[in-house]
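What follows is a short report on a single structure.
The values are calculated or read from the model by the stated rules, or taken from the named source; none is laboratory data. Note that the coordinates shown come from a computational prediction; the quantities given were computed from them, not determined experimentally. Here the Cβ positions follow ideal geometry from the backbone for every residue, glycine too, while neighbour counts run over all protein chains shown.
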């Protein structure tokens, strides 16, 4: 897939304020500080698209970006789709009421957004499995929301550590799953995983 244009569209406080569900949609979510904005910018080849921040929890709304892509560089048939940047979960510096409001907003979006093709859950490859990540992915399964796991920041650790953490996460998650979700290992710095992630989106767009 070759991305011709990626532009910010709108930030919505609830799923019913989102743009009309007239294009395939792909949402990205993860724990605060997992490298979500960097990954989105890397996928779209635009360092200024999603705002990266040193302070976790900055994204508080449902952010839509409109993407125009072609199957390859020489492709003429354009496809338009939405990329959605969802607020990170697990931030400690918010009040209980803010957290509950976030949970209701995200659950409403994930369960009711009819054009949502895939939710990409980002997991920090530097760490052993975190309970909050496992619980969130299991909740998506319970809600019957399609999910793919992306392990981020693979360049920040040795390959051996990353491989060990990925295997441990999938083994732990697999205890409650018949079939594990698809997963990719990525690095925004090295642009690794980009082609595979965009390839899956291309496949889903065509399906």
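Using beta carbons and a limit of 7 Å, which pairs, at least six apart or on different chains, have the first residue in region 83-102 and more than 23 Å from residue 119 (Cα to Cα) and the second one part of a loop (DSSP other than H, G, I, E, B) and modelled with pLDDT under 80?
From region 83-102, the pairs are 93/57; 94/57.
Can you find even one residue in region 38-54 that is in contact with a strand residue (DSSP E or B) (Cβ under 8 Å, 6 or more places away or on another chain), modelled with pLDDT under 95 and under 24 Å from residue 100 (Cα atoms)?
no
State yes or no: is residue 72 modelled with pLDDT under 95, surrounded by fewer than 19 Cβ atoms within 10 Å (Cβ to Cβ) and not in a helix (DSSP H, G or I)?
yes
Being under 16 Å from the mean Cα position of the chain (by Cα), in contact (Cβ under 8 Å) with a residue 24 or more places away in the chain, part of a helix (DSSP H, G or I) and surrounded by 15 or more Cβ atoms within 10 Å (Cβ to Cβ), is that true of even one residue in region 107-117?
Yes, some residue in region 107-117 is under 16 Å from the mean Cα position of the chain (by Cα), in contact (Cβ under 8 Å) with a residue 24 or more places away in the chain, part of a helix (DSSP H, G or I) and surrounded by 15 or more Cβ atoms within 10 Å (Cβ to Cβ).
Being free of Cβ contacts under 8 Å to residues at least 60 places away in the same chain and surrounded by 15 or more Cβ atoms within 10 Å (Cβ to Cβ) is the filter; apply it to region 183-193 and report the residue that is nearest to residue 138 (Cα to Cα).
183
Surrounded by fewer than 17 Cβ atoms within 10 Å (Cβ to Cβ), modelled with pLDDT of 95 or more and closer than 25 Å to residue 171 by Cα, is that true of residue 122?
Answer is no for this residue.
Provide a single number: the residues in region 131-171 that are within 19 Å of residue 109 (Cβ to Cβ), touching a strand residue (DSSP E or B) at 6+ places or on another chain (Cβ under 8 Å) and part of a loop (DSSP other than H, G, I, E, B).
Qualifying residue count, region 131-171: 2.
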